[in-house]
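Enquirer: Okay, here's the structure, questions in a sec.
The values are calculated or read from the model by the stated rules, or taken from the named source; none is laboratory data. Everything numeric in this text was worked out from a predicted model, so none of it was measured. Positions of Cβ are generated from backbone atoms using ideal geometry, with glycine treated the same way; all protein chains shown enter the neighbour counts. Note: accessible area is taken over every heavy atom of the protein model, side chains too, but ligands, DNA and RNA are not part of it. Shrake-Rupley method; radii C 1.70, N 1.55, O 1.52, S 1.80 Å.
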Amino acid sequence: MMNITVTDQENCKKQLHLEIPGEVVRAETDKVAGKLARQVNVPGFRPGHAPKSVIKTRFRKELRDEVVSHLLPESLQKAITDKDLKVIGEPAVDELKFGDDESINVTITVSVKPEFELTDYKALPLTKRVYKIRDEDVDEELERLRETQAELVPVEDRGAQAGDIVTVSLTGRFEAQATEEKQAEGEAAQSSEEAKAETDEAASAETSQAAAQPEPEAIKQEDVEVTIGGDNVLKEFTEGLTGAQVGDERTFTVEYPAEYKPERFAGRKINYTASVTAVRLKELPEANDDFAQSIDEEFKTIDDLRADIRKQMEHQGEHRTEEELRTAALEALVERHRFAVPDFILDRQMTSRFNTLLDQLFSSGIDPREMKLDWAEIRAGQRERAERDVRGMFILDRIAEQENIEVSDEDLNNELEEYALSRGETVAAAKARLTKEEALDSIKEQVRHQQALDLVIASADLKTEEVEGLRAADAETGEPQEAVADAEAVSEQPAEAAVSENQAEAKGE
């Protein structure tokens, strides 16, 4: 009988010590040697008639490898079954050696599903935010639509004023940091000669260290577009360029706040010189029937366009309500259950979140390859959120088990239809590809988790809250696109000016 010992380890890992008896190993060796003897030619013996003893001596390593490949999976599976382990992922063989009695001693590390007590997941207190679309919301959306159709008209008879877009060639130089002032303040704070001497030495070291660090390179950038008085545009840029005309050269200084992003600008003063190459004014089309027809021929009047805008915004509001409610329900479950998660799944989710961030940057017109960032650090920053994601997955899995939730073929096909539509594939092509990639089970598991969350929401203690307008909610929550906003906040491109409250604005409005 095989001896099995299980040792608990951190982060959902268990170490298995298996001792496969010598008689089992010898029996398997005889079986493999007999099979091998019929297949190989050994000098001095008729083909296929070499004795097992000769085969065992001549092909000792090959025999051992073959025996291990047969016995190890069988023994591991028996150990998992006997000890009722819920193993996930691939096992790792830490050590394997043969004993003097031909027994096999092997140590294997496996990851298992987290062990936790499932608390009450019904009657969760949840708030359902229902978005009411107002006339002013439609007006704002119509105004945005007009903005997309606006023409930029050169301004030649006056200087730049609020709302104008000024294009400049920009150079900027960092002012040296005042290390001497810091030294003087440190000296004044000490009353004794001994303390003063210590301060002098420390300040001198600080000054030397600061002098050894190179100042950031000068900023040189062409075709920087600044909207005078625009949202988030730093007031120094607005003040410095107001009244400017083509051909003018303006100089001004910007003192960036200590918490400014990117950090190379934080707490620094930069002296800018801006050469004005263009001043333009946005001319928006009039919101009339002709404008509506220019958007789409199906709109005969401006009222038709407004009705369509309202319909689209109501659809957005309904979708947002559903997504927020699902997020809130999952967050409530995660808060109620604290447990460690398997490292390899956490790592996979961190990678998934990181890749999503990169995709959002690309879709926002930002090329991550041109950004000088510590991407390893940014990926590591996804850890906390990724851990919550993984905990949520295991919680929903347990709820699905508790409620005996099974995904029907119809439910799976409905999900595949949406998936295929999002990728521009036929359902048959998507299903064939997912089957080939062994990813169909993953889709099925996602549906199972969705149904578990649906059950939690259906049983929740639900309170409804009416929210006036989508855009007001955006301002309240800081949406949209949290990941993109985070990326813009850290995006540091050394040659670019920091015109506004985040680096993305430096590329124009």
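Enquirer: Somewhere in segment 312-334, is a residue assigned to a loop (DSSP other than H, G, I, E, B) and either open to solvent by less than 20 Å² (accessible area, probe 1.4 Å) or touching a strand residue (DSSP E or B) at 6+ places or on another chain (Cβ under 7 Å) (or both)?
Expert: no
Enquirer: Please specify each residue of segment 359-406 satisfying the condition of being assigned to a helix (DSSP H, G or I) and aliphatic (A, V, I, L, M).
Expert: L361, A376, I378, A380, A386, V390, M393, I395, L396, I399, A400, listed by residue number.
Enquirer: Suppose we keep only residues that are touching an Asp or Glu at 6+ places or on another chain (Cβ under 8 Å) and assigned to a helix (DSSP H, G or I) within segment 341-356. Which one would you say is most open to solvent (accessible area, probe 1.4 Å)?
Expert: Across segment 341-356, the extreme among qualifying residues is R353.
Enquirer: Within segment 21-38, does at least one residue satisfy the condition of being open to solvent by 60 Å² or more (accessible area, probe 1.4 Å) and in a loop (DSSP other than H, G, I, E, B)?
Expert: Yes, the conditions are met somewhere in segment 21-38.
Enquirer: I would also like to ask the following. Quick check on my filter: what residues within segment 65-90 are without any contact (Cβ under 8 Å) to a residue 40 or more places away in the chain and either at positive phi or touching a Ser or Thr at 6+ places or on another chain (Cβ under 8 Å) (or both)?
Expert: Once the filter is applied, which keeps residues that are without any contact (Cβ under 8 Å) to a residue 40 or more places away in the chain and either at positive phi or touching a Ser or Thr at 6+ places or on another chain (Cβ under 8 Å) (or both), segment 65-90 yields D84, V87.
Enquirer: I need the full set of residues from segment 93-117 which are of a type outside the set (V, I, T) and either within 27 Å of A27 (Cβ to Cβ) or more than 28 Å from the chain's Cα centre (by Cα) (or both), in order please.
Expert: The answer is D94, E95, L96, K97, F98, G99, D100, D101, E102, S103, N105, E117.
Enquirer: So, one more: Which residue pairs have Cβ atoms under 8 Å apart, sit 6 or more places apart or on different chains, and have a first residue in segment 35-46 that is over 19 Å from R64 (Cβ atoms) and a second that is part of a helix (DSSP H, G or I)?
Expert: So the pair list comes out as F45/V54.
Enquirer: I'm told R338 meets every condition in (1) open to solvent by 70 Å² or more (accessible area, probe 1.4 Å); (2) more than 28 Å from R134 (Cα to Cα); (3) part of a helix (DSSP H, G or I) except one. Can you identify the failing condition by its number?
Expert: Of (1) open to solvent by 70 Å² or more (accessible area, probe 1.4 Å); (2) more than 28 Å from R134 (Cα to Cα); (3) part of a helix (DSSP H, G or I), only one is false for R338: (3).
Enquirer: Any chance you could count how many residues in segment 1-12 are over 26 Å from V67 (Cβ atoms), out of contact with any Asp or Glu (no Cβ under 7 Å at 6 or more places or on another chain) and open to solvent by less than 70 Å² (accessible area, probe 1.4 Å)?
Expert: 1
Enquirer: Let me ask something else. Working carefully through the options R146, R129, R158, find the one that is surrounded by 14 or more Cβ atoms within 10 Å (Cβ to Cβ), out of contact with any Asp or Glu (no Cβ under 8 Å at 6 or more places or on another chain) and of a type in the set (K, R).
Expert: Just a single option satisfies the conditions, and that option is R146.
Enquirer: In the set E151, E140, which member is touching a helix residue (DSSP H, G or I) at 6+ places or on another chain (Cβ under 7 Å) and open to solvent by 60 Å² or more (accessible area, probe 1.4 Å)?
Expert: One residue alone meets the criteria, E140.
Enquirer: Just wondering, is there one or more residues in segment 111-121 that are over 30 Å from L453 (Cα atoms), in contact with a strand residue (DSSP E or B) (Cβ under 8 Å, 6 or more places away or on another chain) and assigned to a loop (DSSP other than H, G, I, E, B)?
Expert: Looking through segment 111-121, none of the residues is over 30 Å from L453 (Cα atoms), in contact with a strand residue (DSSP E or B) (Cβ under 8 Å, 6 or more places away or on another chain) and assigned to a loop (DSSP other than H, G, I, E, B).
Enquirer: Restricting to segment 420-447, count the residues that are over 19 Å from E406 (Cα atoms) and of a type in the set (A, V, I, L, M, F, W, C).
Expert: Here the count works out to 8.
Enquirer: Can you tell which of S275, S294 is buried (at least 16 other Cβ atoms within 10 Å of the Cβ) and not in a loop (DSSP other than H, G, I, E, B)?
Expert: S275
Enquirer: A further question on this structure: In segment 235-272, how many are in a helix (DSSP H, G or I) and surrounded by 14 or more Cβ atoms within 10 Å (Cβ to Cβ)?
Expert: Number of matching residues: 7.
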